[in-house]
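Novice: Could you have a look at this structure, given as structure tokens, before my questions?
The values are calculated or read from the model by the stated rules, or taken from the named source; none is laboratory data. Model, not experiment: these values are computed from the prediction. Please note: Cβ atoms are built from the backbone with ideal geometry, for glycine as well, and neighbour counts cover all protein chains shown. In case anyone asks, the SASA skips ligands and DNA or RNA and just uses the protein heavy atoms, side chains included. Shrake-Rupley method; radii C 1.70, N 1.55, O 1.52, S 1.80 Å.
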Amino acid sequence: MDKELKDFAAKNKQNLGLVSLDVPLISNLNVWVNIALIKQYHQNLPDDKAELLVLQYLRVYGLEHIANKQTSALTNKERFFAMLIRAAMVMDSIIVIDRPFKIIPDVPDDRFIYNALNIIYDSFKECHIFDYTWFKDRYRMIYVEKG
């Protein structure tokens, strides 16, 4: 699986929004700054506008209360949402979720993941999930055509 993920990432590096434990949130920054860095660095978005944008995204998940938390204080689900929002900040984002059940081990199946994606559906171009074959029973086969 690592080779497939690396190959996919290399082909899509300009628009890659990676949700992975291998690309963690920065531990000494709070949540909103972790997420805002993408827009600040790539699009020179000022701090105040970046913070407002991040707060809008957190609000759609009912998570504005985690904006100033350090990453170590997050639950697995909160961390997943923060990483997902960060991935969506990439322009024309192709979100790749790498082994989601390692990030959110307490989630029994893919419904949580797809519900999270549906909430920000218009914020990314594509989403691909890379996972171990032995987790295949946790996934339902779905196909969603955008636009």
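Novice: What are the residue pairs meeting all of these: first residue in segment 90-110, first residue under 16 Å from Glu78 (Cα atoms) and assigned to a strand (DSSP E or B), second residue of a type in the set (Asp, Glu) and open to solvent by 10 Å² or more (accessible area, probe 1.4 Å), Cβ atoms under 9 Å, and 6 or more apart or on different chains?
Specialist: Going by the 9 Å Cβ cut-off, the qualifying pairs are Ile97/Asp131.
Novice: Then there is this: Quick one: would you say Asn30 is modelled with pLDDT of 95 or more, more than 12 Å from the chain's Cα centre (by Cα) and within 24 Å of Phe135 (Cα to Cα)?
Specialist: Judged against the criteria, Asn30 is not a match.
Novice: Still on this model: Which residues, counting only those in segment 76-127, are among the acidic types (Asp, Glu) and over 20 Å from Pro24 (Cα atoms)?
Specialist: If the condition is that a residue be among the acidic types (Asp, Glu) and over 20 Å from Pro24 (Cα atoms), then Asp92, Asp109, Asp110, Asp122, Glu126 are the ones that fit.
Novice: Test Phe80 against the criterion of being within 17 Å of the chain's Cα centre (by Cα), modelled with pLDDT under 95, surrounded by 13 or more Cβ atoms within 10 Å (Cβ to Cβ) and within 23 Å of Gln14 (Cα to Cα), and give yes or no. It would help to see each step written out before you state the result.
Specialist: Values: within 17 Å of the chain's Cα centre (by Cα): yes; modelled with pLDDT under 95: no; surrounded by 13 or more Cβ atoms within 10 Å (Cβ to Cβ): yes; within 23 Å of Gln14 (Cα to Cα): yes.
Criteria not met by Phe80.
Novice: Could I ask something else about it? Only one residue in Ser72, Ser123, Ser93 is within 24 Å of Ala50 (Cβ to Cβ), surrounded by 20 or more Cβ atoms within 10 Å (Cβ to Cβ) and of a type in the set (Ser, Thr, Tyr). Which one?
Specialist: Details: Ser72 fails: surrounded by 20 or more Cβ atoms within 10 Å (Cβ to Cβ); Ser123 fails: surrounded by 20 or more Cβ atoms within 10 Å (Cβ to Cβ).
Exactly one residue qualifies, and that residue is Ser93.
Novice: Scan Ile95, Ile104 and give me the residue that is β-branched (Val, Ile, Thr) and under 9 Å from the mean Cα position of the chain (by Cα).
Specialist: Ile95
So that you can scan it fast, the table gives a plain yes or no per residue for (1) within 16 Å of the chain's Cα centre (by Cα); (2) of a type outside the set (Gly, Ala, Ser); (3) open to solvent by 80 Å² or more (accessible area, probe 1.4 Å):
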{"residue": "Ala10", "(1), (2), (3)": "no, no, no"}
{"residue": "Gly17", "(1), (2), (3)": "yes, no, no"}
{"residue": "Pro24", "(1), (2), (3)": "yes, yes, no"}
{"residue": "Leu37", "(1), (2), (3)": "yes, yes, no"}
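Novice: Continuing with the same structure: Please determine, by comparing only the residues of segment 39-60 that are modelled with pLDDT of 95 or more and either aromatic (Phe, Trp, Tyr) or within 13 Å of the chain's Cα centre (by Cα) (or both), which one is most open to solvent (accessible area, probe 1.4 Å).
Specialist: Tyr57
Novice: Now, a different point. So how many residues does segment 9-47 have that are farther than 11 Å from Thr71 by Cα, part of a strand (DSSP E or B) and not small (Gly, Ala, Ser)?
Specialist: Residues meeting the conditions: 3.
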